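The values are calculated or read from the model by the stated rules, or taken from the named source; none is laboratory data. None of these values were measured; they are calculated from a predicted model. Here the Cβ is made from the backbone with ideal geometry for all residues, glycine too, and neighbour counts use every protein chain on show.
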Amino acid sequence: MEIKKILFTTDFSEGASYALSYAADVAKTYGAKLYLLHVIHDITLSPGMHIPHGSADIMNKELQTNANKTLEKLRVSVCEDYKNAESSVVFGIPYEEILKFATEKGVNLIVIGTHGRKGLDRVLFGSTAERVVRNSACPVLTVRMPI
């Protein structure tokens, strides 16, 4: 198995932060490029949602600025001694953008944290990790925090 490019995705949750150490360790072990990706859920793509254009633009710029800062802090905190890491923030439906990014970059492995939601929470919020696992063209390592 050849691992040259790894995609770590984060929603900035505690579980995702926990998974980053796995992604960084695998990248260091294989000397792979590590991509850190955060997808800002574009609520304007949600059915029935309407946000005035000007308000959406201001909100999106603020969300992107904050996400870039947070992602960079994560990258530095875990990957400071590993220079082959790059971070990106995109807008869209999270699982779709993760799969698109992985395809465009030719990723060999996706690392994603899981929340372990059950019951009504899972029905209401869905599972980005599950959708990525089901639809990914490459292997996906799901990491769940210890209970």
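A few notes on this one:
- Search result, residues across region 77-103 that are among the hydroxyl-bearing types (Ser, Thr, Tyr) and touching a residue at least 40 places away in the same chain (Cβ under 8 Å): Tyr82, Ser87, Ser88, Tyr95
- All positions within region 78-97 that are closer than 14 Å to Thr9 by Cα and in contact with a Gly (Cβ under 9 Å, 6 or more places away or on another chain): Tyr95
- Only one of Val76, Val111 that is modelled with pLDDT under 95 and among the hydrophobic types (A, V, I, L, M, F, W, C): Val76
- Output for region 59-76, where each listed residue is of a type outside the set (Lys, Arg) and either exposed (fewer than 11 other Cβ atoms within 10 Å of the Cβ) or touching a residue at least 60 places away in the same chain (Cβ under 8 Å) (or both): Glu62, Leu71, Leu74
- Counting the residues of region 1-26 that are under 10 Å from Leu109 (Cα atoms) and either aliphatic (A, V, I, L, M) or touching an Asp or Glu at 6+ places or on another chain (Cβ under 6 Å) (or both) gives 5.
- Residue ID - modelled with the lowest pLDDT, chosen from residues in region 15-36 that are of a type in the set (Gly, Ala, Ser) and over 15 Å from Asp81 (Cα atoms): Gly15
- Within region 128-147, being farther than 12 Å from Glu96 by Cα and either part of a loop (DSSP other than H, G, I, E, B) or of a type in the set (Lys, Arg) (or both) holds for Ala137, Cys138, Pro139, Arg144, Met145, Pro146, Ile147.
- Filtered residues of region 38-58 (kept if surrounded by 10 or more Cβ atoms within 10 Å (Cβ to Cβ), in a helix (DSSP H, G or I) and at pLDDT below 75): Ile43, Thr44, Leu45, Ala56
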